[in-house]
Every structure is written in structure tokens, then in C-alpha cells.
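Asks: Sharing a structure, written as C-alpha cells. Questions coming.
The values are calculated or read from the model by the stated rules, or taken from the named source; none is laboratory data. None of the values given here were measured: they were computed from a predicted structure. Using ideal geometry, Cβ is built from the backbone for each residue, glycine included, and neighbour counts are taken over all protein chains shown. We work out accessible area using only protein heavy atoms, side chains counted, and drop any ligands, DNA or RNA first. Shrake-Rupley method; radii C 1.70, N 1.55, O 1.52, S 1.80 Å.
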Amino acid sequence: MAEMQVCSPPQSCWGGRVVDFVVTMACWSYFILGFLFFFSFFYGAAYLFSSQREHAFQHLNHLFFKGFLGLLRILSPRQEWSIDQNIGKIESSIVVCNHLSYLDPLILISLFRRQKTIVKTTFFRAPVFGWLIKTSGYLPATTEGEHGLRMIEQVEKMGEFLSSGGNLFVFPEGTRNRDGKIGPLHKGVFKIARMQRCPIYVLSLCNTDSLFTPGKFLFNTRQRKSISMTILDRIEPEAEHCPVSVVDLEKKVREIFRLRTKSCDQKGGPSKQVEEWA
Amino acid sequence: MNRDELQEKIITILEDDFEFSHPGLTDNLRDDHGFDSIDAIELLAKIETMLGFQLARAEKEKAMSIRTINDILDYIEAIQAAHPS
């Protein structure tokens with residue numbers, strides 16, 4: 001939760017807001033201009049010439065958001081970023097994480113070279129962005145209308161994607177968590193885990209909502225916060241039950257998240273095993 | 001395969017593989033048993049195995065509107081009629 005800031009003298013608040021404005025504009029400039037004048041050429045080339053278009057787009061997404069987050073880190077030096085280095089080594093797995101802000105999917109894309117995720121259906125209709133997520137092979141959240149066929153194709157290809165080293169990351173709460181309590185978990189991801197019999201990594205993310213607070217336009221770079229991502233657990237569906245139970249997987253993940261909420265509140269940052277994000 | 005045999009097989013699949021408990025033929029699968037599009041896709045793979053042939057994309061897309069076990073049975077009968085062996 002964001003702490004109340006007391007400004008003395010009041011001008012220091014205005015100064016801080018100007019800094020936040022500049023950082024936000026710089027990041028948006030990277031987002032728009034970096035895409036238009038640099039990455040769009042690579043995306044275009046991948047679309048036209050790559051025999052593995054999905055793979056190429058996922059790699060470009062990875063590089064694009066790695067650049068975005070690198071810039072954000074440089075421009076907000078008060079934030080201590082601690083990402084467990086083992087997260088980047090995860091392959092062929094389903095990754096579930098708590099969801100605090102719109103930065104969360106960008107962080108995961110920047111960590112996984114081959115990644116898919118489930119995206120709100122409305123984003124598929126967005127110009128340019130919709131084309132990017134369709135071509136990257138991301139899954140729609142519902143099967144309404146044209147999305148039915150896309151969902152069928154993507155779920156059918158999921159086994160091949162995972163076995164070739166890709167990760168499917170999902171925020172099973174479905175929306176950004178604003179009260180610190182874990183909400184109901186959507187079971188779709190656990191059904192995919194049941195189908196694919198692949199490991200599930202449960203990740204804990206702390207304090208991205210302090211830097212990019214839901215409902216706010218500007219980044220909040222003034223508060224000193226430790227933004228951390230850690231691996232809480234790895235679940236092997238085969239070892240749990242045979243056949244694997246979606247209900248049990250959901251219960252287990254919920255329990256892990258419940259413990260996470262405590263650890264995030266108490267420590268406000270990473271655990272001892274976490275290393276500085278290189 | 002007649003409708004009774006199909007019904008028995010589908011209910012067995014739903015109970016064994018989809019963790020359904022005593023499903024009724026007219027139960028709303030989504031509301032009463034949490035059956036969603038991912039389940040539907042998994043069920044389609046099992047229907048393909050049961051029937052012994054691959055379903056066309058358009059046939060799979062139609063399955064997304066299934067709501068009850070009776071709908072599943074109607075769907076399979078229509079597929080069988082369209083693929084005479």
C-alpha cells in the first residue's frame with residue numbers, strides 16, 4: 001500500500017511530481033517512439049520473413065520490455081529492484097503470480113524469452129497492440145466471437161510450446177489486486193496445467209503498485225520501495241495426484257499465495273535468497 | 001454408437017477427467033460444474049479419440065456454444081452424421 005507523503009515545504013511535493021511527470025513521459029516516449037522508429041522494423045521483418053513468427057515476436061517483446069524496464073530502473077533510482085535470478089531460468093512451465101499493477105506482465109515478458117500469457121479480450125481489438133499480441137500467440141481471456149478459434153488453436157499448440165522451452169505466465173486473480181487479499185483464482189490456468197502435466201511455478205511480486213499505482217497515470221518514483229519478485233514454490237502436477245485435480249491445484253496455489261501476502265507485508269521486500277537483478 | 005452409449009461414455013469422461021460430481025443431462029455445465037472453454041477444448045480432444053477422427057476447425061468452433069450434456073450428445077450425433085464411416 002502506498003504511504004501518505006508529507007511535504008515540507010509544499011514545494012518539494014511539486015518538485016517530486018515534476019520528476020514523476022518527466023520519468024513517465026520518458027517511459028512513454030520509449031514506448032511509442034522506440035516502437036515506431038526502432039522495434040517496428042524488426043517486428044515487420046519478423047512478420048514477413050520469419051518461419052517461426054510467434055517465436056520471433058515473443059523474443060522482440062522480451063527485448064522491447066527489457067529496454068522499457070531498464071529505462072524505468074535508471075530513471076527511478078530510489079526503487080530497489082530485486083528479482084530472483086532463477087526466475088529467468090524457468091522453462092517449459094506454467095508460471096502464476098499475484099497481480100498488483102500493469103508493470104507486472106511487462107516484468108515477466110522481460111524475464112522470459114519465450115512467453116505466452118492470457119490477455120483481456122478487449123486488448124485484441126486495439127490497433128497495433130492487438131496485432132502484436134495476436135501474432136505473439138497470446139491467448140484471449142474469453143472465447144466470444146472470433147476469439148473461439150484463436151483460443152482453440154492456442155490451447156492445442158500449448159503442449160508443443162511448453163515442451164520447446166516456452167512459459168505460459170498467468171495472473172490467476174484475473175485483475176490487479178488492490179486490497180492485499182488474494183481474490184478468487186480463475187481455474188483456467190490449472191486446467192491447462194492438468195492437460196499439459198507441466199510444473200507450476202508460484203511467484204510473489206511486491207510493491208510494483210507503489211511505483212505504478214492502479215488508477216494513476218504517473219509513475220511514483222519518489223518513495224523508496226523494494227520491488228521484488230521471488231519464487232515461492234514449484235508444484236509438480238504429476239507428483240501431487242494421479243489424475244491431477246484442478247481443485248487441489250487451486251487450493252495449493254491459494255495457500256501459497258496466502259503465505260506470500262504475509263511475507264510481503266512483513267518484510268516489504270525480497271527474501272534472503274533474492275539476488276540483485278543483473 | 002447410439003445415444004445411450006454416448007451418454008454413458010461422456011458422463012464417465014466428465015466424472016473421471018473433469019472432476020464432475022453426478023452431472024445431470026440438462027445441468028448448465030458452466031454454472032453448475034465450472035465447465036469453461038478450456039474444458040471444452042480438452043473434451044474435444046477426447047471426443048476425437050472416441051470417434052477415431054479429427055474434427056474440422058469449424059466443427060470445433062461450434063463446440064464453444066455447448067451448454068449441457070444434451071448439447072454435447074446432439075453435437076456428437078451431428079458430427080457422426082457429417083462423417084459417415
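Asks: Which value, in debye to the nearest 20, describes the size of the charge dipole of chain B about its Cα centre when Lys and Arg Cβ atoms bear +1, Asp and Glu Cβ atoms bear -1, and nothing else is charged?
Replies: 380 debye
Asks: Once label points are set 7 Å from the Cα along Cα→Cβ at both B:Ala58 and A:Arg197, what is their separation, rounded to one decimal in nm?
Replies: 3.6 nm
Asks: Would you list, by chain and number, the aspartates and glutamates whose Cα falls below 16 Å from the Cα of A:Lys66, excluding same-chain residues fewer than 8 positions away?
Replies: Leaving aside aspartates and glutamates fewer than 8 places away in the same chain, those within reach of A:Lys66 are A:Asp84, A:Asp104, A:Glu276.
Asks: Taking the stretch A:34-140, which chymotrypsin sites (Phe, Trp or Tyr not before Pro) meet the DSSP loop condition and have no more than 15 other C-beta atoms within 10 Å? If you can, show how the numbers build up before the last one.
Replies: Working: sites: A:Phe35, A:Phe37, A:Phe38, A:Phe39, A:Phe41, A:Phe42, A:Tyr43, A:Tyr47, A:Phe49, A:Phe57, A:Phe64, A:Phe65, A:Phe68, A:Trp81, A:Tyr102, A:Phe112, A:Phe123, A:Phe124, A:Phe129, A:Trp131, A:Tyr138; in loops: A:Tyr102, A:Phe112, A:Tyr138.
Sparse-neighbourhood loop chymotrypsin sites (Phe, Trp or Tyr not before Pro): A:Tyr102.
Asks: Report, in listed order, any pair from A:Lys134/A:Lys191; A:Lys191/B:Lys46; A:Lys89/A:Lys157; A:Lys187/A:Lys251 with a Cα-Cα distance greater than 18 Å. List each step's numbers first, then the result.
Replies: Details: A:Lys134/A:Lys191 22 Å; A:Lys191/B:Lys46 15 Å; A:Lys89/A:Lys157 22 Å; A:Lys187/A:Lys251 10 Å.
Pairs exceeding 18 Å: A:Lys134/A:Lys191; A:Lys89/A:Lys157.
Asks: While we're on this one: For the stretch A:122-181, run through the GluC sites (Glu not before Pro) and keep only the ones in DSSP coil with at most 16 other Cβ atoms within 10 Å of their Cβ.
Replies: Of the GluC sites (Glu not before Pro), the ones in loops of the stretch A:122-181 whose Cβ has at most 16 other Cβ atoms within 10 Å are A:Glu144, A:Glu146.
Asks: If you average the sequence gap of Cα pairs under 8 Å that are 6 or more apart and divide by the length of the stretch A:11-267, what percent do you get for the contact order?
Replies: 25 percent
Asks: If you don't mind, there's one more thing I want to ask. Through the Karplus equation 6.51 cos²θ - 1.76 cosθ + 1.60, θ set to phi - 60°, convert the phi angles of the stretch A:17-29 into ³J(HN,Hα) values in whole Hz; use x for Gly and Pro.
Replies: 5, 5, 4, 4, 4, 5, 4, 4, 5, 5, 5, 5, 4
Asks: Report the convex hull volume per residue for the stretch B:3-82, counting only C-alpha atoms, in Å³.
Replies: Normalising the Cα hull of the stretch B:3-82 by residue number yields 83 Å³.
Asks: Taking the Cα centre of the protein assembly as shown as origin, work out the dipole magnitude from +1 charges on Lys and Arg Cβ and -1 charges on Asp and Glu Cβ, in debye rounded to 20. It would help to have the intermediate numbers written out before the result.
Replies: Details: 42 positive and 44 negative charges, 418 e Å.
Computed about the Cα centre, the dipole is about 2000 debye.
Asks: Please say if the stretch A:102-224 is rounded, prolate or oblate, where rounded means a/c under 1.5 for a ≥ b ≥ c the square roots of the C-alpha gyration tensor eigenvalues, and otherwise the choice is prolate for a/b larger than b/c and oblate otherwise?
Replies: Prolate.
Asks: With charges set only on the Cβ (+1 for Lys and Arg, -1 for Asp and Glu), what does the dipole of the stretch A:134-212 come to about its Cα centre, in debye to the nearest 20?
Replies: 200 debye
Asks: If you don't mind, another one. Under the Karplus relation 6.51 cos²θ - 1.76 cosθ + 1.60, θ = phi - 60°, what is the ordered set of whole-Hz ³J(HN,Hα) values for the stretch A:64-75, x standing for Gly and Pro?
Replies: Computed from phi, the couplings for the stretch A:64-75 are 4, 7, 5, x, 4, 6, x, 5, 4, 5, 5, 7 Hz.
Asks: Ignoring ligands, DNA and RNA, how much accessible area is buried between chains B and A, both sides summed, with a 1.4 Å probe, to the nearest 100 Å²?
Replies: Numbers: alone 5210 and 14220 Å², together 17950 Å².
Chains B and A together bury roughly 1500 Å² of accessible area.
Asks: Then there's this: For A:Glu80, list long-range residues whose amide hydrogen, built 1.01 Å from N in the peptide plane, is under 5 Å from its own amide hydrogen.
Replies: Close amide H contacts, sequence-distant or interchain: A:Lys225, A:Ser226, A:Ile227.
Asks: What chymotrypsin sites (Phe, Trp or Tyr not before Pro) in chain B are in a loop by DSSP, with at most 13 other Cβ atoms within 10 Å of the Cβ? Numbers along the way, then the final one.
Replies: Working: sites: B:Phe18, B:Phe20, B:Phe35, B:Phe53, B:Tyr75; in loops: B:Phe18, B:Phe20, B:Phe35, B:Phe53.
Those satisfying the criteria are B:Phe53.
Asks: Next question. Need one number: nm distance between label points at A:Lys181 and B:Asn2, each 7 Å from Cα along Cα→Cβ, rounded to one decimal.
Replies: Modelled inter-label distance: 5.5 nm.
Asks: Under 1.5 on a/c is rounded, so check that first for the stretch A:38-156, then, if it is not, pick prolate when a/b is larger than b/c and oblate when it is not; a ≥ b ≥ c are the square roots of the alpha carbon gyration tensor eigenvalues.
Replies: prolate
Asks: Whose amide H sits under 5 Å from the amide H of A:Asp233, counting only residues 5 or more places off or on another chain, with H placed in the peptide plane?
Replies: A:Val202
Asks: Rounded to the nearest 5, what is the percent of antiparallel bridges among the DSSP beta bridges in chain A?
Replies: Around 30 percent of the beta bridges assigned by DSSP in chain A are antiparallel ones.
Asks: For the stretch B:1-71 and the stretch A:22-75, write down the distance between their C-alpha centroids in whole Å.
Replies: 42 Å
Asks: With a 1.4 Å probe and all protein chains left in place, how much of the accessible area of chain A comes from carbon and sulfur atoms, in whole percent?
Replies: Answer for chain A: carbon and sulfur cover 59 percent of the accessible area.
Asks: Here's something else I'd like to know. Suppose we flag trypsin sites (Lys or Arg not before Pro) only when DSSP calls them loop and at most 15 other Cβ atoms lie within 10 Å. Which is the longest uninterrupted stretch of chain A? Please list the in-between numbers first.
Replies: Details: sites that count: A:Arg78, A:Lys120, A:Arg178, A:Lys181, A:Arg197, A:Lys216, A:Arg224, A:Lys272.
Looking at chain A, A:1-77 is the longest stretch - no exposed trypsin sites (Lys or Arg not before Pro) with at most 15 other Cβ atoms within 10 Å.
Asks: Classify the stretch A:11-267 as rounded, prolate or oblate, taking a ≥ b ≥ c as the square roots of the eigenvalues of its Cα gyration tensor: rounded when a/c is under 1.5, otherwise prolate if a/b is larger than b/c and oblate if not. Don't skip to the answer; put the middle values down first.
Replies: Numbers: a/c = 1.89, a/b = 1.17, b/c = 1.61.
It is oblate, given that a/c is not under 1.5 and a/b is not larger than b/c.
Asks: Along the stretch A:88-99, what does the Karplus equation 6.51 cos²θ - 1.76 cosθ + 1.60 (θ = phi - 60°) give for ³J(HN,Hα), rounded to whole Hz, x for Gly and Pro?
Replies: x, 8, 5, 9, 6, 9, 9, 10, 10, 8, 5, 10
Asks: How many Å² of accessible area per residue for the protein assembly as shown, probe 1.4 Å?
Replies: 49 Å²
Asks: A follow-up question, please. With chain B treated as a Gaussian network of Cα nodes joined by springs under 10 Å, which of B:Arg67, B:Arg57, B:Arg30 yields the largest mean-square fluctuation?
Replies: B:Arg57
Asks: Relative to the isolated chain, which residues of the stretch A:178-192 have their accessible area cut by 40 Å² or more in the presence of all protein chains (1.4 Å probe, heavy atoms, no ligands or nucleic acids)?
Replies: Output list: A:Lys191.
Asks: Also, quick follow-up: Given R₀ = 25 Å, what would the calculated FRET efficiency be for A:Glu153 paired with A:Phe217, taking r from the Cβ atoms and rounding to 0.05?
Replies: For R0 = 25 Å, the calculated efficiency reads 0.10.
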